[in-house]
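Student: Pasting a structure here, questions to come.
The values are calculated or read from the model by the stated rules, or taken from the named source; none is laboratory data. Owing to the predicted nature of the structure, the values given are computational and were not obtained by experimental measurement. Glycine gets a Cβ as well: all are built from the backbone with ideal geometry, and neighbour counts include every protein chain shown. Only protein heavy atoms, including side chains, enter the accessible area calculation; ligands, DNA and RNA are left aside. Shrake-Rupley method; radii C 1.70, N 1.55, O 1.52, S 1.80 Å.
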Amino acid sequence: MTNRGIAEKRRQAKAPWPPLLRRMTQLVRSRTLFRRGDHLLVAVSGGPDSVALLALLHLLAPVWNLRLTAVHFNYGLRGVESDEDEKFVEQLARRLGVEVVIQRLDLSPRAAGAGRGSLQERARDLRYDALRTLARERSADRVVLGHTADDQLETFLLWLLRGAAATGLAGMPYEREGLFVRPMLDTTREEVLAYLDAAGFSYRTDSSNLSARFRRNRIRREVVPVLKRLLPGAAPVIRRQMDVLREDDRCLDLLTARVMDGMMLRRSDLEVELDHRLFLLQPLALQRRVIRRVLRELDPRRHPPSFRVVERAVRHLLDQSGSGRPCRYGDIELVREKDAVRIRKVCDDQLVRDTIPVDLEVPVSVPARVQWRPTMQEIELAHVDRKAAEQALASHDRDTAIFDADRISSALRLRTWQAGDTFYPVGMGGRRKKLQDFFVDIKLERTSRHRVPLLVAPEGILWVVGYRQDDRFVVRPSTQRYVLARVRCS
(Lines give C-alpha, C1' and ligand atoms only; values in the text may rest on other atoms or scores of the structure.)
Protein backbone atom coordinates (compact mmCIF):
# COMPACT_ATOMS: atom_id res chain seq x y z
CA MET A 1 0.00 0.00 0.00
CA THR A 2 1.32 3.50 -0.85
CA ASN A 3 1.97 6.19 1.76
CA ARG A 4 -1.07 8.03 0.44
CA GLY A 5 -3.22 4.93 0.91
CA ILE A 6 -1.94 4.42 4.46
CA ALA A 7 -2.66 8.07 5.27
CA GLU A 8 -6.18 7.71 3.89
CA LYS A 9 -6.82 4.62 6.07
CA ARG A 10 -5.65 6.50 9.15
CA ARG A 11 -7.87 9.47 8.28
CA GLN A 12 -10.89 7.18 7.89
CA ALA A 13 -10.13 5.47 11.19
CA LYS A 14 -10.07 8.82 13.02
CA ALA A 15 -13.19 10.22 11.30
CA PRO A 16 -16.35 10.27 13.46
CA TRP A 17 -18.65 7.35 12.78
CA PRO A 18 -22.23 8.00 11.66
CA PRO A 19 -24.84 6.80 14.18
CA LEU A 20 -25.95 4.09 11.74
CA LEU A 21 -22.47 2.54 11.73
CA ARG A 22 -22.22 2.64 15.53
CA ARG A 23 -25.55 0.82 15.84
CA MET A 24 -24.64 -1.72 13.17
CA THR A 25 -21.32 -2.40 14.89
CA GLN A 26 -23.08 -2.98 18.21
CA LEU A 27 -25.31 -5.56 16.51
CA VAL A 28 -22.32 -7.25 14.86
CA ARG A 29 -20.54 -7.48 18.22
CA SER A 30 -23.56 -8.69 20.20
CA ARG A 31 -24.34 -11.48 17.72
CA THR A 32 -20.75 -12.14 16.57
CA LEU A 33 -21.77 -11.77 12.92
CA PHE A 34 -18.14 -11.30 11.90
CA ARG A 35 -14.81 -10.58 13.56
CA ARG A 36 -11.84 -8.27 13.20
CA GLY A 37 -9.55 -9.32 10.37
CA ASP A 38 -12.27 -11.20 8.47
CA HIS A 39 -12.58 -11.30 4.70
CA LEU A 40 -16.14 -10.26 3.81
CA LEU A 41 -17.97 -10.76 0.55
CA VAL A 42 -20.54 -7.96 0.28
CA ALA A 43 -23.54 -8.58 -1.99
CA VAL A 44 -24.23 -5.28 -3.81
CA SER A 45 -27.20 -4.93 -6.15
CA GLY A 46 -26.83 -1.15 -6.51
CA GLY A 47 -30.02 -0.44 -4.54
CA PRO A 48 -29.99 1.83 -1.47
CA ASP A 49 -29.66 -0.94 1.15
CA SER A 50 -26.63 -2.63 -0.40
CA VAL A 51 -24.94 0.69 -1.25
CA ALA A 52 -25.30 1.81 2.37
CA LEU A 53 -24.00 -1.57 3.57
CA LEU A 54 -20.85 -1.34 1.44
CA ALA A 55 -20.25 2.30 2.40
CA LEU A 56 -20.60 1.55 6.13
CA LEU A 57 -18.34 -1.50 5.96
CA HIS A 58 -15.80 0.62 4.07
CA LEU A 59 -15.70 3.00 7.05
CA LEU A 60 -15.34 0.08 9.46
CA ALA A 61 -12.69 -1.78 7.42
CA PRO A 62 -9.55 0.17 8.49
CA VAL A 63 -10.53 0.04 12.17
CA TRP A 64 -11.36 -3.70 12.16
CA ASN A 65 -8.75 -4.64 9.56
CA LEU A 66 -11.44 -6.06 7.29
CA ARG A 67 -10.88 -7.17 3.72
CA LEU A 68 -13.88 -6.35 1.53
CA THR A 69 -14.90 -7.83 -1.83
CA ALA A 70 -18.05 -6.48 -3.46
CA VAL A 71 -20.10 -9.00 -5.48
CA HIS A 72 -22.70 -8.07 -8.08
CA PHE A 73 -24.90 -10.40 -10.14
CA ASN A 74 -26.30 -9.37 -13.51
CA TYR A 75 -29.29 -11.51 -14.51
CA GLY A 76 -29.81 -9.60 -17.76
CA LEU A 77 -33.57 -9.50 -17.18
CA ARG A 78 -33.96 -5.73 -17.65
CA GLY A 79 -31.66 -5.28 -20.62
CA VAL A 80 -29.87 -1.92 -20.58
CA GLU A 81 -31.05 -1.23 -17.04
CA SER A 82 -29.30 -4.38 -15.77
CA ASP A 83 -26.08 -3.35 -17.54
CA GLU A 84 -26.32 0.14 -16.02
CA ASP A 85 -26.65 -1.43 -12.55
CA GLU A 86 -23.45 -3.38 -13.22
CA LYS A 87 -21.57 -0.23 -14.29
CA PHE A 88 -22.85 1.64 -11.24
CA VAL A 89 -21.56 -1.03 -8.84
CA GLU A 90 -18.18 -1.09 -10.59
CA GLN A 91 -17.89 2.70 -10.26
CA LEU A 92 -18.97 2.61 -6.60
CA ALA A 93 -16.36 -0.04 -5.79
CA ARG A 94 -13.71 1.97 -7.63
CA ARG A 95 -14.65 5.11 -5.69
CA LEU A 96 -14.28 3.23 -2.40
CA GLY A 97 -11.18 1.32 -3.45
CA VAL A 98 -12.90 -2.04 -2.95
CA GLU A 99 -12.31 -5.13 -5.08
CA VAL A 100 -15.40 -6.08 -7.09
CA VAL A 101 -16.55 -9.34 -8.70
CA ILE A 102 -19.22 -9.24 -11.42
CA GLN A 103 -21.03 -12.41 -12.46
CA ARG A 104 -23.75 -12.93 -15.04
CA LEU A 105 -26.34 -15.56 -14.13
CA ASP A 106 -28.73 -17.34 -16.49
CA LEU A 107 -32.18 -17.69 -14.95
CA SER A 108 -33.70 -20.02 -17.53
CA PRO A 109 -35.13 -23.16 -15.85
CA ARG A 110 -32.67 -25.46 -17.62
CA ALA A 111 -29.63 -23.33 -16.81
CA ALA A 112 -30.80 -22.87 -13.21
CA GLY A 113 -30.95 -26.63 -12.79
CA ALA A 114 -34.60 -26.66 -11.73
CA GLY A 115 -37.79 -26.85 -13.73
CA ARG A 116 -40.02 -25.57 -10.96
CA GLY A 117 -40.20 -22.39 -8.95
CA SER A 118 -40.85 -18.76 -9.83
CA LEU A 119 -38.34 -16.45 -11.43
CA GLN A 120 -37.64 -14.85 -8.05
CA GLU A 121 -37.07 -18.26 -6.44
CA ARG A 122 -34.64 -19.32 -9.17
CA ALA A 123 -32.79 -16.00 -8.84
CA ARG A 124 -32.49 -16.45 -5.07
CA ASP A 125 -31.27 -20.05 -5.36
CA LEU A 126 -28.69 -19.19 -8.02
CA ARG A 127 -27.53 -16.14 -6.08
CA TYR A 128 -26.97 -18.10 -2.87
CA ASP A 129 -25.25 -20.94 -4.74
CA ALA A 130 -22.93 -18.48 -6.49
CA LEU A 131 -22.13 -16.71 -3.20
CA ARG A 132 -21.30 -20.01 -1.51
CA THR A 133 -18.96 -20.90 -4.38
CA LEU A 134 -17.26 -17.50 -4.34
CA ALA A 135 -16.81 -17.63 -0.57
CA ARG A 136 -15.16 -21.03 -0.89
CA GLU A 137 -12.95 -20.02 -3.84
CA ARG A 138 -11.80 -16.77 -2.24
CA SER A 139 -11.52 -18.08 1.33
CA ALA A 140 -14.03 -15.51 2.59
CA ASP A 141 -15.14 -15.71 6.22
CA ARG A 142 -18.64 -14.27 5.76
CA VAL A 143 -21.06 -13.18 3.06
CA VAL A 144 -22.76 -9.93 4.12
CA LEU A 145 -26.31 -9.19 2.92
CA GLY A 146 -28.09 -5.85 3.07
CA HIS A 147 -31.56 -6.88 4.26
CA THR A 148 -33.18 -4.26 6.51
CA ALA A 149 -35.94 -4.09 9.10
CA ASP A 150 -38.39 -3.18 6.30
CA ASP A 151 -37.50 -6.38 4.44
CA GLN A 152 -38.11 -8.25 7.68
CA LEU A 153 -41.53 -6.64 8.15
CA GLU A 154 -42.52 -7.46 4.57
CA THR A 155 -41.39 -11.07 5.08
CA PHE A 156 -43.52 -11.37 8.22
CA LEU A 157 -46.63 -10.07 6.46
CA LEU A 158 -45.98 -12.22 3.40
CA TRP A 159 -45.71 -15.42 5.46
CA LEU A 160 -48.61 -14.40 7.71
CA LEU A 161 -50.89 -14.14 4.69
CA ARG A 162 -49.66 -17.54 3.47
CA GLY A 163 -50.67 -19.12 6.79
CA ALA A 164 -47.12 -19.94 7.90
CA ALA A 165 -46.19 -21.37 11.29
CA ALA A 166 -43.48 -20.10 13.65
CA THR A 167 -40.59 -20.87 11.27
CA GLY A 168 -41.98 -18.61 8.56
CA LEU A 169 -43.13 -15.89 10.92
CA ALA A 170 -39.69 -15.80 12.56
CA GLY A 171 -38.43 -14.19 9.36
CA MET A 172 -34.84 -13.95 8.22
CA PRO A 173 -32.16 -14.84 10.78
CA TYR A 174 -29.22 -12.55 11.50
CA GLU A 175 -26.91 -15.45 10.61
CA ARG A 176 -27.46 -18.45 8.36
CA GLU A 177 -25.35 -21.54 7.69
CA GLY A 178 -22.43 -20.00 9.54
CA LEU A 179 -21.74 -17.99 6.37
CA PHE A 180 -24.45 -15.46 5.50
CA VAL A 181 -24.95 -12.51 7.88
CA ARG A 182 -27.38 -9.58 7.93
CA PRO A 183 -26.00 -6.73 10.08
CA MET A 184 -28.70 -4.23 8.99
CA LEU A 185 -31.79 -6.17 10.06
CA ASP A 186 -32.43 -3.62 12.83
CA THR A 187 -32.07 -0.65 10.44
CA THR A 188 -35.09 0.89 8.72
CA ARG A 189 -35.14 1.98 5.09
CA GLU A 190 -35.79 5.58 6.18
CA GLU A 191 -32.54 5.48 8.16
CA VAL A 192 -30.70 4.05 5.16
CA LEU A 193 -31.98 6.78 2.81
CA ALA A 194 -31.15 9.51 5.35
CA TYR A 195 -27.58 8.17 5.69
CA LEU A 196 -27.06 8.00 1.91
CA ASP A 197 -28.33 11.55 1.48
CA ALA A 198 -26.07 12.90 4.25
CA ALA A 199 -23.02 10.97 3.00
CA GLY A 200 -23.56 11.93 -0.65
CA PHE A 201 -24.12 8.45 -2.09
CA SER A 202 -26.45 7.81 -5.01
CA TYR A 203 -28.12 4.48 -5.73
CA ARG A 204 -30.09 2.60 -8.36
CA THR A 205 -33.81 1.85 -8.39
CA ASP A 206 -34.86 -1.55 -9.71
CA SER A 207 -37.93 -1.04 -11.92
CA SER A 208 -39.11 -4.59 -11.18
CA ASN A 209 -39.62 -3.52 -7.54
CA LEU A 210 -42.44 -1.27 -8.77
CA SER A 211 -44.30 -4.06 -10.55
CA ALA A 212 -47.62 -5.11 -9.00
CA ARG A 213 -47.08 -8.64 -10.41
CA PHE A 214 -45.06 -9.60 -7.35
CA ARG A 215 -46.88 -10.08 -4.05
CA ARG A 216 -44.01 -8.68 -1.98
CA ASN A 217 -44.12 -5.45 -3.98
CA ARG A 218 -47.85 -5.06 -3.33
CA ILE A 219 -47.27 -5.62 0.40
CA ARG A 220 -44.46 -3.04 0.37
CA ARG A 221 -46.38 -0.39 -1.56
CA GLU A 222 -49.94 -0.94 -0.32
CA VAL A 223 -50.10 -2.86 2.96
CA VAL A 224 -47.07 -1.55 4.89
CA PRO A 225 -47.94 2.20 4.50
CA VAL A 226 -51.48 1.56 5.77
CA LEU A 227 -50.16 -0.48 8.71
CA LYS A 228 -47.68 2.24 9.69
CA ARG A 229 -50.33 4.93 9.39
CA LEU A 230 -52.91 3.07 11.50
CA LEU A 231 -50.41 1.73 14.08
CA PRO A 232 -47.21 3.82 14.03
CA GLY A 233 -45.54 1.57 16.59
CA ALA A 234 -46.44 -1.70 14.85
CA ALA A 235 -43.16 -2.24 13.00
CA PRO A 236 -40.86 -2.41 16.07
CA VAL A 237 -43.42 -4.54 17.94
CA ILE A 238 -43.56 -7.01 15.04
CA ARG A 239 -39.76 -7.11 14.87
CA ARG A 240 -39.61 -7.90 18.59
CA GLN A 241 -42.23 -10.62 18.13
CA MET A 242 -40.17 -12.09 15.28
CA ASP A 243 -37.12 -12.21 17.55
CA VAL A 244 -39.15 -14.15 20.14
CA LEU A 245 -40.50 -16.53 17.50
CA ARG A 246 -37.01 -17.05 16.10
CA GLU A 247 -35.64 -18.15 19.48
CA ASP A 248 -38.70 -20.34 20.11
CA ASP A 249 -38.27 -21.92 16.69
CA ARG A 250 -34.57 -22.55 17.33
CA CYS A 251 -35.42 -24.29 20.61
CA LEU A 252 -38.07 -26.44 18.92
CA ASP A 253 -35.61 -27.30 16.14
CA LEU A 254 -33.15 -28.65 18.71
CA LEU A 255 -35.92 -30.68 20.35
CA THR A 256 -37.07 -31.99 16.95
CA ALA A 257 -33.53 -33.11 16.07
CA ARG A 258 -33.24 -34.99 19.36
CA VAL A 259 -36.64 -36.66 18.94
CA MET A 260 -35.90 -37.57 15.33
CA ASP A 261 -32.57 -39.15 16.25
CA GLY A 262 -34.39 -41.30 18.79
CA MET A 263 -36.81 -42.67 16.19
CA MET A 264 -34.27 -42.98 13.34
CA LEU A 265 -33.90 -46.48 11.92
CA ARG A 266 -31.95 -45.66 8.77
CA ARG A 267 -30.70 -42.52 7.09
CA SER A 268 -29.01 -41.72 3.77
CA ASP A 269 -28.99 -38.99 1.15
CA LEU A 270 -31.88 -40.71 -0.63
CA GLU A 271 -33.93 -42.29 2.16
CA VAL A 272 -34.95 -41.87 5.80
CA GLU A 273 -36.64 -44.61 7.82
CA LEU A 274 -38.37 -43.81 11.11
CA ASP A 275 -39.86 -45.94 13.87
CA HIS A 276 -43.61 -45.61 13.27
CA ARG A 277 -44.57 -46.46 16.85
CA LEU A 278 -42.31 -43.75 18.31
CA PHE A 279 -43.60 -41.28 15.71
CA LEU A 280 -47.19 -41.87 16.85
CA LEU A 281 -46.22 -41.20 20.49
CA GLN A 282 -45.14 -37.61 19.71
CA PRO A 283 -47.47 -34.60 20.01
CA LEU A 284 -48.84 -33.31 16.71
CA ALA A 285 -46.53 -30.27 16.73
CA LEU A 286 -43.43 -32.49 16.83
CA GLN A 287 -44.86 -34.90 14.25
CA ARG A 288 -45.25 -31.99 11.85
CA ARG A 289 -41.74 -30.73 12.55
CA VAL A 290 -40.16 -34.16 12.07
CA ILE A 291 -41.86 -34.62 8.69
CA ARG A 292 -40.97 -31.08 7.64
CA ARG A 293 -37.34 -31.64 8.62
CA VAL A 294 -37.08 -34.93 6.72
CA LEU A 295 -38.68 -33.53 3.56
CA ARG A 296 -36.37 -30.54 3.69
CA GLU A 297 -33.28 -32.75 4.12
CA LEU A 298 -34.23 -34.83 1.08
CA ASP A 299 -34.87 -31.78 -1.12
CA PRO A 300 -31.76 -30.97 -3.20
CA ARG A 301 -32.25 -27.23 -2.55
CA ARG A 302 -33.16 -27.76 1.11
CA HIS A 303 -36.47 -25.97 0.49
CA PRO A 304 -39.03 -26.47 3.26
CA PRO A 305 -42.34 -28.06 2.20
CA SER A 306 -45.60 -26.17 2.50
CA PHE A 307 -47.91 -26.65 5.47
CA ARG A 308 -50.38 -28.39 3.16
CA VAL A 309 -47.80 -31.00 2.16
CA VAL A 310 -46.72 -31.61 5.76
CA GLU A 311 -50.32 -31.93 6.92
CA ARG A 312 -51.12 -34.41 4.17
CA ALA A 313 -48.09 -36.54 5.10
CA VAL A 314 -48.95 -36.53 8.82
CA ARG A 315 -52.57 -37.51 8.11
CA HIS A 316 -51.30 -40.38 5.96
CA LEU A 317 -49.12 -41.66 8.80
CA LEU A 318 -51.95 -41.39 11.33
CA ASP A 319 -54.45 -43.19 9.06
CA GLN A 320 -54.71 -46.75 10.38
CA SER A 321 -55.84 -48.03 6.97
CA GLY A 322 -52.93 -46.45 5.09
CA SER A 323 -50.29 -49.15 5.63
CA GLY A 324 -48.41 -49.95 2.43
CA ARG A 325 -50.00 -47.14 0.39
CA PRO A 326 -47.47 -44.55 -0.84
CA CYS A 327 -48.00 -40.82 -0.44
CA ARG A 328 -46.14 -38.71 -3.03
CA TYR A 329 -44.70 -35.21 -2.68
CA GLY A 330 -42.99 -34.30 -5.95
CA ASP A 331 -40.16 -36.81 -6.35
CA ILE A 332 -40.36 -37.85 -2.69
CA GLU A 333 -42.44 -40.85 -1.60
CA LEU A 334 -43.68 -41.64 1.90
CA VAL A 335 -44.70 -45.22 2.76
CA ARG A 336 -46.02 -46.45 6.10
CA GLU A 337 -45.31 -50.06 6.91
CA LYS A 338 -46.22 -52.06 10.01
CA ASP A 339 -43.40 -50.80 12.20
CA ALA A 340 -41.63 -48.20 10.11
CA VAL A 341 -42.07 -45.09 8.00
CA ARG A 342 -39.94 -44.86 4.86
CA ILE A 343 -39.48 -41.47 3.23
CA ARG A 344 -37.36 -41.61 0.10
CA LYS A 345 -36.47 -39.90 -3.12
CA VAL A 346 -37.94 -41.72 -6.09
CA CYS A 347 -35.58 -42.01 -9.04
CA ASP A 348 -35.66 -44.10 -12.18
CA ASP A 349 -33.65 -47.27 -12.73
CA GLN A 350 -31.25 -45.50 -15.08
CA LEU A 351 -30.27 -43.00 -12.37
CA VAL A 352 -29.68 -45.87 -9.93
CA ARG A 353 -27.48 -47.65 -12.47
CA ASP A 354 -25.56 -44.44 -13.17
CA THR A 355 -24.88 -43.59 -9.51
CA ILE A 356 -24.43 -47.05 -7.92
CA PRO A 357 -22.23 -49.64 -9.68
CA VAL A 358 -24.13 -52.90 -10.06
CA ASP A 359 -21.01 -54.86 -9.10
CA LEU A 360 -20.01 -52.70 -6.13
CA GLU A 361 -18.01 -54.87 -3.72
CA VAL A 362 -16.00 -54.05 -0.58
CA PRO A 363 -13.79 -56.68 1.14
CA VAL A 364 -14.10 -56.70 4.94
CA SER A 365 -12.35 -58.48 7.78
CA VAL A 366 -13.15 -59.03 11.44
CA PRO A 367 -12.77 -56.68 13.24
CA ALA A 368 -13.63 -53.94 10.72
CA ARG A 369 -15.55 -50.71 10.30
CA VAL A 370 -16.64 -49.96 6.73
CA GLN A 371 -18.72 -47.19 5.21
CA TRP A 372 -21.28 -48.28 2.61
CA ARG A 373 -21.48 -45.20 0.42
CA PRO A 374 -24.78 -45.86 -1.44
CA THR A 375 -26.66 -45.42 1.86
CA MET A 376 -23.98 -43.63 3.89
CA GLN A 377 -24.21 -46.37 6.51
CA GLU A 378 -21.35 -47.55 8.68
CA ILE A 379 -21.09 -51.32 9.14
CA GLU A 380 -19.00 -52.63 12.01
CA LEU A 381 -17.92 -56.23 12.61
CA ALA A 382 -16.26 -57.62 15.74
CA HIS A 383 -15.63 -60.84 17.63
CA VAL A 384 -17.65 -60.89 20.88
CA ASP A 385 -18.09 -63.24 23.81
CA ARG A 386 -21.23 -65.20 24.68
CA LYS A 387 -22.56 -62.57 27.09
CA ALA A 388 -22.34 -59.75 24.53
CA ALA A 389 -23.92 -62.00 21.91
CA GLU A 390 -26.83 -62.87 24.19
CA GLN A 391 -27.41 -59.20 25.02
CA ALA A 392 -27.48 -58.33 21.31
CA LEU A 393 -29.91 -61.15 20.58
CA ALA A 394 -32.18 -60.05 23.42
CA SER A 395 -32.44 -56.52 21.99
CA HIS A 396 -34.19 -57.77 18.80
CA ASP A 397 -32.53 -54.87 16.99
CA ARG A 398 -32.72 -55.45 13.23
CA ASP A 399 -29.66 -53.25 12.74
CA THR A 400 -27.60 -55.88 14.63
CA ALA A 401 -26.80 -59.43 13.55
CA ILE A 402 -24.95 -62.27 15.35
CA PHE A 403 -23.25 -65.10 13.43
CA ASP A 404 -21.71 -68.43 14.35
CA ALA A 405 -18.04 -67.76 13.49
CA ASP A 406 -17.31 -71.46 12.94
CA ARG A 407 -19.86 -71.67 10.12
CA ILE A 408 -18.32 -68.97 7.94
CA SER A 409 -14.96 -68.33 6.28
CA SER A 410 -12.99 -65.18 7.01
CA ALA A 411 -13.09 -63.80 3.44
CA LEU A 412 -16.16 -61.58 3.95
CA ARG A 413 -17.46 -59.00 1.50
CA LEU A 414 -20.09 -56.28 1.30
CA ARG A 415 -21.68 -56.14 -2.12
CA THR A 416 -24.77 -55.10 -4.02
CA TRP A 417 -27.64 -57.37 -5.00
CA GLN A 418 -27.10 -59.47 -8.13
CA ALA A 419 -29.65 -61.21 -10.32
CA GLY A 420 -30.19 -64.79 -9.17
CA ASP A 421 -29.17 -64.16 -5.54
CA THR A 422 -30.84 -66.53 -3.07
CA PHE A 423 -30.68 -67.05 0.68
CA TYR A 424 -32.46 -68.86 3.52
CA PRO A 425 -34.32 -66.15 5.48
CA VAL A 426 -34.64 -66.62 9.24
CA GLY A 427 -38.21 -67.52 10.11
CA MET A 428 -38.99 -69.46 6.92
CA GLY A 429 -38.29 -72.95 8.25
CA GLY A 430 -35.08 -73.42 6.28
CA ARG A 431 -36.66 -72.72 2.88
CA ARG A 432 -34.64 -70.98 0.19
CA LYS A 433 -35.91 -67.74 -1.32
CA LYS A 434 -34.85 -65.55 -4.21
CA LEU A 435 -33.63 -62.21 -2.92
CA GLN A 436 -35.73 -60.46 -5.56
CA ASP A 437 -38.87 -62.15 -4.18
CA PHE A 438 -37.83 -61.21 -0.64
CA PHE A 439 -37.57 -57.55 -1.68
CA VAL A 440 -41.04 -57.76 -3.22
CA ASP A 441 -42.45 -59.29 -0.02
CA ILE A 442 -41.10 -56.45 2.16
CA LYS A 443 -42.31 -53.88 -0.42
CA LEU A 444 -38.83 -52.53 -1.16
CA GLU A 445 -38.93 -50.59 -4.42
CA ARG A 446 -36.65 -51.61 -7.28
CA THR A 447 -34.93 -48.22 -7.11
CA SER A 448 -33.84 -48.98 -3.53
CA ARG A 449 -32.70 -52.59 -3.96
CA HIS A 450 -29.32 -51.78 -5.48
CA ARG A 451 -28.43 -49.67 -2.45
CA VAL A 452 -29.00 -52.39 0.19
CA PRO A 453 -25.67 -53.87 1.34
CA LEU A 454 -25.32 -57.65 1.50
CA LEU A 455 -22.81 -59.23 3.90
CA VAL A 456 -21.50 -62.25 2.05
CA ALA A 457 -19.10 -65.12 2.83
CA PRO A 458 -17.90 -67.82 0.41
CA GLU A 459 -20.64 -70.01 1.94
CA GLY A 460 -23.42 -67.59 0.95
CA ILE A 461 -25.29 -64.43 1.95
CA LEU A 462 -25.02 -63.95 5.73
CA TRP A 463 -27.20 -60.86 6.10
CA VAL A 464 -29.40 -58.62 3.99
CA VAL A 465 -28.14 -55.75 6.08
CA GLY A 466 -30.82 -54.18 8.21
CA TYR A 467 -33.51 -56.61 7.00
CA ARG A 468 -32.95 -60.37 7.52
CA GLN A 469 -30.21 -62.87 8.37
CA ASP A 470 -29.61 -66.19 6.64
CA ASP A 471 -30.77 -69.05 8.84
CA ARG A 472 -27.72 -71.21 8.05
CA PHE A 473 -25.33 -68.91 9.92
CA VAL A 474 -27.26 -67.81 13.00
CA VAL A 475 -26.04 -68.76 16.46
CA ARG A 476 -27.22 -71.99 18.10
CA PRO A 477 -26.86 -73.47 21.62
CA SER A 478 -23.69 -75.21 20.42
CA THR A 479 -22.05 -71.98 19.14
CA GLN A 480 -18.66 -71.31 20.70
CA ARG A 481 -17.41 -68.27 18.75
CA TYR A 482 -19.45 -65.25 17.78
CA VAL A 483 -19.23 -62.46 15.20
CA LEU A 484 -21.35 -59.36 15.78
CA ALA A 485 -22.28 -57.04 12.92
CA ARG A 486 -23.93 -53.68 13.44
CA VAL A 487 -25.09 -51.02 10.98
CA ARG A 488 -25.44 -47.33 11.81
CA CYS A 489 -26.10 -44.10 9.96
CA SER A 490 -22.72 -42.47 9.40
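Student: Tell me the angle of helix 234-263 to the major Cα principal axis of the chain, expressed in degrees between 0 and 90 and rounded to the nearest ten.
Tutor: Approximately 20 degrees, to the nearest 10.
Student: Quick one: grab the alpha carbon gyration tensor of segment 194-243, order the square roots of its eigenvalues as a ≥ b ≥ c, and give me rounded if a/c is under 1.5, else prolate or oblate depending on whether a/b is larger than b/c. Please list the in-between numbers first.
Tutor: Numbers: a/c = 2.21, a/b = 1.21, b/c = 1.83.
It is oblate, given that a/c is not under 1.5 and a/b is not larger than b/c.
Student: If you don't mind, there's one more thing I want to ask. What is the sum of charges around LEU227, taking Lys and Arg as +1, Asp and Glu as -1, for the other residues whose C-beta is under 14 Å from the C-beta of LEU227? Let's see the in-between values first.
Tutor: Values: positive: ARG218, ARG220, ARG221, LYS228, ARG229, ARG239; negative: ASP150, GLU154, GLU222.
Cβ neighbours under 14 Å give a net charge of +3.
Student: Near VAL28, within a Cβ-to-Cβ distance under 14 Å, what is the net charge of the other residues, with Lys and Arg +1 and Asp and Glu -1?
Tutor: Details: positive: ARG22, ARG23, ARG29, ARG31, ARG35, ARG36, ARG142, ARG182; negative: ASP38, ASP141, GLU175, ASP186.
Net charge around VAL28: +4.
Student: Could you give the distance between the Cα centres of segment 167-211 and segment 236-301, to the whole Å?
Tutor: 30
Student: Which of the aspartates and glutamates could a cross-linker span from LYS433 if the Cα-Cα distance has to be under 14 Å and same-chain partners fewer than 8 positions apart are dropped?
Tutor: Candidates past the 8-residue exclusion: ASP421, ASP441, ASP470, ASP471.
Student: First compute the accessible area of the chain with a 1.4 Å probe, then give the percent of it belonging to carbon and sulfur atoms.
Tutor: Values: 12770 of 25310 Å².
The computed percentage sits at 50.
Student: Run the dipole for the chain about the Cα centre, Lys and Arg Cβ at +1, Asp and Glu Cβ at -1, nothing else charged, and hand back the magnitude in debye, nearest 20.
Tutor: Once rounded to the nearest 20, the dipole reads 700 debye.
Student: Moving on to the next point. Which part of segment 142-158 falls in the paramagnetic zone of LEU193, meaning amide N under 13 Å from the point 7 Å along Cα-to-beta-carbon?
Tutor: Within reach of a label on LEU193, which here means backbone N under 13 Å from a point 7 Å along Cα→Cβ, segment 142-158 contributes 150.
Student: With each label point set 7 Å from Cα along the Cα-Cβ vector, what nm distance links GLU99 and VAL366?
Tutor: Simple spin-label model gives 5.7 nm for this pair.
Student: Spelling out what I want: for every residue of segment 73-86, take phi, set θ = phi - 60°, compute 6.51 cos²θ - 1.76 cosθ + 1.60 (Karplus), and round to whole Hz; glycine and proline get x.
Tutor: My calculation for segment 73-86 gives 10, 10, 8, x, 7, 10, x, 4, 4, 5, 5, 5, 4, 4 Hz in order.
Student: Which aspartates and glutamates have a Cα lying under 18 Å from the Cα of LYS345, excluding residues fewer than 8 positions away in the same chain?
Tutor: Partners found: ASP269, GLU271, GLU273, GLU297, ASP299, ASP331, GLU333, GLU337, ASP354, GLU445.
Student: Taking 35 Å as R0, compute the FRET efficiency from the Cβ-Cβ separation of ASP206 and ARG240 and round it to 0.05. Don't skip to the end; give the middle numbers.
Tutor: Numbers: r = 29 Å, r/R0 = 0.84.
It comes to 0.75.
Student: With a 1.4 Å probe and all protein chains kept in place, how do VAL384, VAL28 rank by accessible area, largest first? Don't skip to the end; give the middle numbers.
Tutor: Values: VAL384 40, VAL28 0 Å².
Descending accessible area places them as VAL384, VAL28.
Student: Just the accessible area for SER410, please: 1.4 Å probe, Å², rounded to the nearest 10?
Tutor: Estimated to the nearest 10 Å², SER410 gives 100 Å².
Student: Suppose all protein chains stay in the model; what accessible area per residue would a 1.4 Å probe give for the chain, in Å²? Don't skip to the end; give the middle numbers.
Tutor: Numbers: 25310 Å² over 490 residues.
Counting only protein heavy atoms, the per-residue value for the chain is 52 Å².
Student: At a Förster radius of 30 Å, what calculated FRET efficiency corresponds to the Cβ-Cβ distance of GLU459 and ARG277, to the nearest 0.05?
Tutor: Efficiency computed from Cβ-Cβ geometry: 0.25.
Student: Measure off 7 Å from each Cα along the Cα-to-Cβ vector at ARG398 and HIS383, then give the distance between these two points in nanometres to one decimal.
Tutor: 3.2
Student: Taking Cα atoms, how many degrees apart are the long axis of helix 386-395 and the longest axis of the chain, rounded to 10 and kept between 0 and 90?
Tutor: The two axes meet at around 70 degrees.
Student: Something else: Let me check I have the definition right: for segment 47-180, take the eigenvalues of the Cα gyration tensor, multiply each by 5, take square roots. What are those semi-axes in whole Å, largest first? Each step should come with its number before you reach the end.
Tutor: Details: eigenvalues 133, 86, 47 Å².
Three semi-axes, in Å: 26, 21, 15.
Student: Another one. Given a Förster distance of 35 Å, report the FRET efficiency between SER478 and ARG446 from their Cβ-Cβ distance, rounded to the nearest 0.05. Can you show the working numbers first?
Tutor: Working: r = 40 Å, r/R0 = 1.13.
Working from the Cβ atoms, E equals 0.30.
Student: Okay, moving on. Could you state the angle between the C-alpha long axis of helix 119-137 and the longest principal axis of the C-alpha atoms of the chain, as a value from 0 to 90 degrees rounded to the nearest 10?
Tutor: 80
Student: Using the Cβ atoms and a cut-off under 13 Å, what net charge is assigned to the surroundings of GLN241, where Lys and Arg are +1 and Asp and Glu are -1?
Tutor: Details: positive: ARG239, ARG240, ARG246; negative: ASP243, GLU247, ASP248, ASP249.
So the surrounding residues net to -1.
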